[in-house]
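A short worksheet on the structure shown next.
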Amino acid sequence: MDQLQREWVQFRNDCGKFALVSQLWGEMDQLQRQMDQLQRQRGWLQVENTILQPIIQQLQHENEELREKCGQLQVESQQLQHENDRLQVENSKFALISRVWRRMVKYYLLSEFL
């Protein structure tokens, strides 16, 4: 009987080990499938990167060109603002001269006819 009990205990232990090994194999299969899926995703990401990299470089180049153009336009804008300020001063001078001339002509005409 002792021998039978020992074999029975050994059998139960072996069954428990088998169940554990079976569970571990299932988990390993699941991890392998996840790893395969991640490898496929990685492959697609590499393809997308290969496609997008030249586009990104082109956009960066265009961005730099636009920044340079923006800087040039800012300089031109400042120059035009200075020119506008100068012309406003000139316009004010001409407006003053025009008023003075009109008054002088008015007084001259009044003095001639009076």
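Please work out if residue 68 is open to solvent by less than 100 Å² (accessible area, probe 1.4 Å), assigned to a helix (DSSP H, G or I), of a type in the set (Asp, Glu) and out of contact with any helix residue (DSSP H, G or I) (no Cβ under 8 Å at 6 or more places or on another chain).
no
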For this session: Quick one: residue 62 ticks every box in (1) open to solvent by less than 100 Å² (accessible area, probe 1.4 Å); (2) of a type outside the set (Lys, Arg); (3) more than 35 Å from the chain's Cα centre (by Cα) except a single one, so which number is it?
Result: (3)
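Does residue 91 meet the test of being in a helix (DSSP H, G or I), of a type in the set (S, T, N, Q) and open to solvent by less than 90 Å² (accessible area, probe 1.4 Å)?
no
The values are calculated or read from the model by the stated rules, or taken from the named source; none is laboratory data. This is a predicted model, so every value here is computed, not measured. Glycine also receives a Cβ, built like all others from the backbone with ideal geometry; neighbour counts cover every protein chain displayed. Accessible surface areas use protein heavy atoms only, side chains included; no ligands, DNA or RNA. Shrake-Rupley method; radii C 1.70, N 1.55, O 1.52, S 1.80 Å.
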